[in-house]
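Worksheet: the structure to be examined is printed underneath.
The values are calculated or read from the model by the stated rules, or taken from the named source; none is laboratory data. The model shown is predicted, which means the values in this text are computed figures rather than measured ones. No Cβ is skipped: glycine too gets one built from the backbone with ideal geometry, and neighbour counts run over all protein chains shown. The area values use the complete protein model at the heavy-atom level, side chains included, leaving out ligands, DNA and RNA. Shrake-Rupley method; radii C 1.70, N 1.55, O 1.52, S 1.80 Å.
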Amino acid sequence: MSGKNVSSDFDKFAGNTELKKNVATIIRRGEAAHAYIIEGGQGSGKTMFAHLFAAALICEGKGDGALPCGVCTPCRKVERGVHPDVITVDRGDRATLGIDTIREVRADAFILPSESERKIYIIEDAHLMTKDAQNAFLQVLEEPPSYAVFLLTCTEPLRLLPTVRSRAPTLRLRPLTADEIEEFLLLKEGAKARRLRDSDREGWDELIVASGGMPGVALTLLSGGLKERRRERTLAVKLLCGLISGSSEALVSINPGAGNILRREDAKQLVKDMADALRDMLAVKRSKAAPLCFFAKRDTAQKAAMPYTVADIVRAADAIDELYLSLERNAYVTGALAAAGAKMRQGR
Ligand SMILES: [Zn+2]
């Protein structure tokens, strides 16, 4: 048997087993479409998946071996980011991907590939294309050159025009399970991962759950972000309990962090953490076995939920949903938090 280079084919990509199998089959049969939307959360590995996809399309590996083979010249060039026919399009430091960039892509797409039979464009954060840019893109999507493939990475597919979405099948990257994240970290960052796991089991467990199943987030946490993230998560639970019980003591205790949460993006993360914590608190009240999404340990979730009734938690969850929406509508952070607290305590 020829040596299967597992470090380079789709197996290199953690989780998403079914999707990887389907994509490899489509490519082997030569049935790949001209455009795909690669959708997934922040840190889900969309860009890496797009590169594997691109390599697989132009891989020159023969037979039934791994796809992409990871050893042929095109595969190695894609991996090093130097293949002239695999082109990454991003918005640079701009907030949106504008029509000028897309016009350049469109013009370039009609120039024949230089080394391979295909020319592949990886359009990063495609949901940030302006409406004009999307309309311009649509023109090439409607009648693409036979060799062109567009891979659109995207976190918010609904921001793409329906006409764009209808011409590009969606490949959805799923969050990894806790076991898959663990396996991914041990494979990718062996020594570092083992050191944390063996010296700080609690921190390791918290990292796994705080990653939300996103391999990219897990890597960031492992390479130094964990301490700050733990602080944020602890603060979220403290503030949540302070808001539900209205204890001025609890509210005062979060004051050292209040400076940070006044920033809108930090506040949104905080509110998201509170929503996840509430989901777990409700889960442990209702079932002994329901899986948790926020707390690393069941008894921590039980302890957090103990002082409250199911009705308290449900009411708090409603208030948190509203709080998130009002932050989206640019409400004043401190005022929105106070209003959410008042709503949580109604009828207690
Ligand atoms: Zn190859």
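Considering only T47, I122, A95, the residue lying farthest towards the positive end of the dipole of the range 44-145 is T47, judged by Cα position with unit charges set on Cβ.
Each stretch of four or more DSSP H residues adds -39500 (n - 2.57); spread over every residue of the chain, this sum gives -17000 deg cm²/dmol at 222 nm. Its Cα gyration tensor gives the chain an equivalent ellipsoid, and the semi-axes of that ellipsoid, as √(5λ) in whole Å with the largest first, are 43, 25, 16.
Computed from point charges on the beta carbon alone (+1 for Lys and Arg, -1 for Asp and Glu), the dipole magnitude for the chain about its Cα centre is near 820 Debye.
Residues of the chain were split at every exposed loop site, defined as GluC sites (Glu not before Pro) in a DSSP loop with at most 16 other C-beta atoms within 10 angstrom, and the longest piece left, sites excluded, is 190-348.
A straight line joining the Cα centroids of the range 61-114 and the range 315-345 runs 44 Å.
Close amide H partners of I123, meaning residues 5 or more places away or on another chain with modelled amide H under 5 Å apart, are V89, L151, L152, T153. Positive-end ranking of H34, P68, N135 along the dipole of the range 10-172, with charges on Cβ about the Cα centre, is headed by P68.
Only Lys, Arg, Asp and Glu carry charge here, each on its Cβ (+1 for the first two, -1 for the last two); on that basis the range 178-345 has a dipole of about 240 debye about its Cα centre. Taking 27 Å as the straight-line reach from the Cα of K303, the lysines in range (excluding those fewer than 8 positions away in the same chain) are K227, K238, K268, K272, K285, K288, K343.
I'd like the carbon and sulfur percentage of the solvent accessible area for the chain, probe radius 1.4 Å, heavy atoms only, ligands and nucleic acids excluded. Carbon plus sulfur share of accessible area: 51 percent.
In the context of the full set of protein chains, residues of the chain present 51 Å² of accessible surface per residue (probe radius 1.4 Å, heavy atoms only).
State whether the range 195-238 is rounded, prolate or oblate according to the following rule on the C-alpha gyration tensor (a ≥ b ≥ c being the square roots of its eigenvalues): a/c under 1.5 gives rounded; otherwise a/b larger than b/c gives prolate, and the remaining case gives oblate. Since a/c reaches 1.5 but b/c is at least a/b, the shape of the range 195-238 is classed as oblate.
Straight Cα distances below 25 angstrom link K77 to the lysines K4, K12, K20, K21, K46, K62, K119, K188, with same-chain residues fewer than 8 positions distant left out.
Computed over the chain with a Gaussian network model linking Cα atoms closer than 10 Å, the most mobile of C72, C59, C293 is C72. A straight line joining the Cα centroids of the range 209-231 and the range 293-309 runs 21 Å. Between A35 and F150, the built amide H atoms are under 5 Å apart, and every one of these is 5 or more places off in sequence or on another chain.
Amide H contacts of F13: none lie under 5 Å away among residues 5 or more positions distant or on a separate chain (H built 1.01 Å from N in the peptide plane; Pro and chain starts excluded).
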